[in-house]
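Structure first, then comments.
The values are calculated or read from the model by the stated rules, or taken from the named source; none is laboratory data. Please read these numbers as outputs of a predicted model, since none were measured by experiment. Positions of Cβ are generated from backbone atoms using ideal geometry, with glycine treated the same way; all protein chains shown enter the neighbour counts. Quick note on the areas: whole protein, heavy atoms, side chains included, nothing else; ligands and nucleic acids left out. Shrake-Rupley method; radii C 1.70, N 1.55, O 1.52, S 1.80 Å.
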Amino acid sequence: MWYNNAMTKPRKPVQGIGINDMPVGYSTGPEKPVYDQWVNVLYRAGGGKDGAFYKKKPTYVGTTVCEDWLTVSNFVAWVKSHESWQGKRIDKDILCPGNKHYSPETCVLVSTRLNNLLCDSAAKRGEYPKGVNRDGKTYRARLGGTNGRHLGNYATVEEAHRVYCVAREEYIREWAANLTDADTCDIERTREALLKHAVIEGNAWRETEDSQADSVPTLFG
């Protein structure tokens, strides 16, 4: 075992819950990004010192990690079991919308672009629905943020948001249809999951309109 060969004295648990059983120097060597991802998973599951992370990111409260991944060598072995793992990030939300559990069954390794595809950024969005901002007396719909594709100006928030959601669904479907090994380490499962996300986002405008009737919000606001 790495633990017996590499350690001369017991190591403190990483983030209070993790076991580092890799050789001394692994966390600063060429594969440091893999180790850092593991630490980040533990940070999200543990909440950081005095719950500091949860105070900044309350949506992560309740996040858990499977027992196997509490030991870094198991996490490293899972990452390296994928041929195109280099440069990819672990994602827990794509395969399972709303998921808060890190495990081999619920996570996938994806590119940074794909990892960011489904980000909500609700805290930065302000009072309007996703994809909508005020533009004088009208409401602008835009796909992809400030520098994204302009979808037109509309008289109401609801109309602008509906146009955005329709375009957003189409955009995610395009992603699903054109996935490559550069995007994900599991094309088939990722494609199937993205198609589910496309439906969720395409219907988000309906739930926004019903929000005053205490409807349940969608995963993406």
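One table, with the values for the structure above:
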| item | result |
| --- | --- |
| Principal-axis tilt of helix 32-46 within the chain, Cα atoms, nearest 10 degrees | 70 |
| Pair-distance profile P(r), taking every C-alpha pair of segment 13-111, with 5 angstrom steps and integer % | 2, 13, 24, 25, 21, 11, 3, 0 |
| Entries of Lys12/Lys49; Lys12/Lys100; Lys80/Lys100 with Cα pairs more than 18 Å apart | Lys12/Lys100; Lys80/Lys100 |
| Coordinate range along principal axes, alpha carbons of the chain, Å, largest first | 69, 39, 28 |
| Probe 1.4 Å, protein heavy atoms only - accessible area per residue of segment 53-134 in square angstrom | 53 |
| Candidate residues Cys96, Cys165: accessible-area rank, largest first, probe 1.4 Å | Cys96, Cys165 |
| Residues whose placed amide H lies under 5 Å from that of Val14, excluding near-sequence neighbours | Ile19, Asn20 |
| C-alpha center-to-center spacing [segment 144-178, segment 19-71] in angstrom | 34 |
| Residues Asn153 and Asp68, FRET efficiency given R0 of 35 Å [Cβ-Cβ distance, rounded to 0.05] | 0.10 |
| Two-decimal Rg to Rh for segment 68-166 - Kirkwood Rh, Cα set | 1.15 |
| Segment 78-118 shape via C-alpha gyration tensor axes, a/c threshold 1.5 | oblate |
| Surface share of carbon and sulfur [accessible, 1.4 angstrom probe, percent] for the chain | 51 |
| Cα convex hull volume per residue for segment 27-79 (Å³) | 88 |
